[in-house]
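> Mind having a look at this structure? Questions to follow.
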Amino acid sequence: MLFKRRVSFIIRLLLIVFVLAACNTETMEEEQSVNAQADESKTEVIAPHQDLNQEPVAPEIKRDGKDVYIKMTAQITDIEIEDDYSYKAWTFNGEAPGPVLVVNEGDTIHFTLENQDPSIPHSVDFHAVHTAPDTGFADVAPNEVGTFVYKASSPGVFMYHCGTDPVLSHIANGMHGVIIVQPEDGYPTDHEINEEYVIIQNEWYKYNDINDMTNEEPSQVVFSTKALHEGQPNTDGTVGALINEPLHAKAGDKVRLYVANMGPNEQSSFHVIGTIFEDVYIDGHPANHNQGMQTVGLPASGGAIVEFTLKKSGDYKFVTHQFNHVQKGAAGKIVVED
């Protein structure tokens with residue numbers, strides 16, 4: 001009897017050991033599967049970009065009468081999108097968004113792109129010009145230089161971006177900016193303006209992850225500004241950039257903002273809290289003049305000029321009124337003093 005009990009006990013013990021071993025094996029397999037999926041979801045930095053962090057450089061801009069000569073770079077530069085999160089951005093001149101360009105209606109633009117990226121072709125698609133895209137916006141190979149000539153025949157606030165396939169990757173990785181074409185006869189409200197700034201909205205996704213850029217929500221939606229005049233801030237599209245480095249005006253000033261939405265995917269519903277847009281020029285064209293607007297809708301690549309009076313001193317926050325994007329960083333402020 002005692003022998004049978006011992007045998008039974010040993011059998012039960014072996015069964016328990018077997019079940020535990022099976023569970024442990026299944027758990028390890030599940031963990032390995034999850035880790036494998038996580039590894040597959042990680043996007044490795046492109047090998048030639050791995051140790052590349054090219055310093056920002058100013059664009060070269062020279063004017064000779066109606067001819068404007070602009071030289072820019074395509075380059076790889078680290079951008080700290082938010083605290084402790086650095087993004088190896090594809091950029092124009094080491095900025096994301098790229099430098100703001102300002103020309104006049106009727107100018108001829110002689111544009112040169114120096115592609116400092118050692119592995120990927122790049123190009124520039126100017127929304128402000130008429131040209132055959134296959135030649136006027138042609139790719140510039142790695143370590144090569146391309147020059148193109150355009151007429152700036154229409155005034156407005158326009159996007160420029162890399163147009164190399166897949167375009168989504170190039171824009172979402174940081175290759176976009178604003179070109180302003182000033183109207184020959186100006187705007188009817190020019191004499192009323194005290195301060196003017198450029199505001200740009202853009203989105204960030206997982207680094208160079210075309211699936212995330214195509215199918216998922218942006219991880220950050222941000223505002224930046226590019227200096228129109230000496231002494232103005234000039235920031236990248238990073239979380240908190242225009243909260244930490246706000247714009248400034250005086251009580252009673254009428255402010256003009258050149259606003260542009262780089263996308264690449266989301267709409268902007270631009271709104272300044274505490275005021276009303278007295279004058280709005282959709283896409284920055286003088287003929288598209290609206291008045292008394294609370295919010296201006298900007299599709300991806302859309303632009304506008306918005307003008308408003310800041311009647312009292314205080315902090316005036318501006319946002320996209322899609323507040324899930326405000327939570328992701330799309331907010332800035334204007335500090336107004338007496």
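Nothing in this text is a laboratory measurement; each read-out follows from the coordinates by a stated rule. Source: prediction; values computed, not measured. Counting neighbours? That spans all protein chains shown, and the Cβs are built from the backbone with ideal geometry, glycine included.
> Out of all DSSP beta bridges in segment 65-173, what portion is antiparallel? Express it as a percent rounded to 5.
On the way: 19 of 27 bridges.
Of all bridge pairs located within segment 65-173, approximately 70 percent are antiparallel.
> As a test of the definition: which semi-axes, in Å, follow for segment 177-224 when you take the square root of five times each eigenvalue of its alpha carbon gyration tensor? Largest first, please.
Working: eigenvalues 261, 30, 11 Å².
Result for segment 177-224: semi-axes of 36, 12, 8 Å.
> Same structure, new question: For a quick check of your reading of the filter: which GluC sites (Glu not before Pro) in segment 162-211 sit in a DSSP loop and have no more than 11 other Cβ atoms within 10 Å?
On the way: sites: E184, E192, E195, E196, E203; in loops: E184.
Those that pass, being in a loop and sparsely packed, are E184.
> Just M213, M175, M262 to compare: in a GNM of the chain, with alpha carbon springs under 10 Å, which one fluctuates most?
M213
> Label segment 234-295 by shape, choosing from rounded, prolate and oblate, from the square roots a ≥ b ≥ c of the eigenvalues of the Cα gyration tensor; if a/c is under 1.5 it is rounded, and otherwise prolate applies when a/b is larger than b/c, oblate when it is not.
Since a/c reaches 1.5 but b/c is at least a/b, the shape of segment 234-295 is classed as oblate.
> Taking only Cα atoms, what is the 0 to 90° angle, nearest 10, from helix 2-41's long axis to the longest principal axis of the chain?
Taking Cα atoms only, the helix is inclined about 20 degrees.
> Can you give the Rg and Dmax of segment 53-185 based on its C-alpha atoms, in angstrom?
Just the Cα atoms of segment 53-185 yield Rg and Dmax of 14.5, 47 Å.
> So what's the gap between the Cα centers of segment 211-289 and segment 107-131, to the nearest angstrom?
Here the answer is 24 Å between Cα centres.
> Hey, can you grab everything whose amide H is under 5 Å from the amide H of V124? Only 5+ residues off in sequence or another chain; H modelled, so Pro and N-termini drop out.
Amide H to amide H, under 5 Å and 5 or more residues apart or across chains, V124 pairs with G163.
> Semi-axes of the equivalent ellipsoid for the chain, please: Cα gyration tensor eigenvalues, times 5, square-rooted, ordered largest first, whole Å. It would help to have the intermediate numbers written out before the result.
Values: eigenvalues 512, 143, 48 Å².
Over the Cα atoms of the chain, the ellipsoid semi-axes are 51, 27, 16 Å.
> For q values of 0.21 Å⁻¹, compute log₁₀ I(q)/I(0) with the Debye formula on a Cα-only model of segment 190-337, without solvent.
Values returned for q = 0.21 Å⁻¹ are -1.37.
> Let me ask you something else. By a straight-distance test (C-alpha under 17 Å), which aspartates and glutamates pair with K151 as possible cross-link partners, with residues fewer than eight away in the same chain excluded?
The reachable aspartates and glutamates, counting only those whose Cα sits under 17 Å from K151, are D64, D67, E105, D107, D125, D134, E184.
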